[in-house]
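All remarks here apply to the structure that follows.
The values are calculated or read from the model by the stated rules, or taken from the named source; none is laboratory data. None of these values were measured; they are calculated from a predicted model. Reconstructed Cβ throughout: ideal geometry from the backbone, glycine too, with neighbour counts over all protein chains shown.
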């Protein structure tokens, strides 16, 4: 065998153990210091999360929208007042509701939408009840009212169709937070007749869990104000 070939063979044999040991050392270091595929490790950790860990909650507005729609509510998101007006017009047209046969106990609301030239009635047989609300409750997708919106009327004394004008800043986590908000807003003059509506599908009237609750066909015009 030529001398050059003998030296080449010797060099290869000499390097093989070192290459093997180097690879082995790298594997050990990888395990010791966690040097690995990050995305793979992350996915593995996600799978190994304890079932007893609390579930991560959706953002407040998304949580409300999800619960509200699950309850059968009809939701229209509006970026400005012009969109509110346009969506309200579409609701009236879609349902063939008349502008001269509505319930509305809020003079400020009537003034804000004066271009519609609404004519109000006290009858619960009105085509729809147009109102604001106190709060939108994310935990159960309900809408909270009080005497400021519905006076001292019971829910069954309102039209079965309701259109609510509200803003995103009125969304709260739960009923307790909403009640605290009312106390802060009104101080010693706490309004009466505080109620929530969360059943917006006619079929839910026969549901045992909703027994005693009032079911309404409710549209929500939600204006972004945050």
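Residue 193 satisfies every condition listed in (1) closer than 21 Å to residue 221 by Cα; (2) surrounded by fewer than 16 Cβ atoms within 10 Å (Cβ to Cβ); (3) touching a helix residue (DSSP H, G or I) at 6+ places or on another chain (Cβ under 7 Å) except (1).
Condition check: assigned by TED's automatic domain parsing to the domain that holds residue 152, touching a strand residue (DSSP E or B) at 6+ places or on another chain (Cβ under 6 Å) and farther than 17 Å from residue 219 by Cα. Does residue 64 satisfy that? When the stated conditions are applied, residue 64 does not pass them.
Of the residues making up region 117-128, those that are under 15 Å from residue 219 (Cβ atoms) and in contact with a helix residue (DSSP H, G or I) (Cβ under 8 Å, 6 or more places away or on another chain) number 2.
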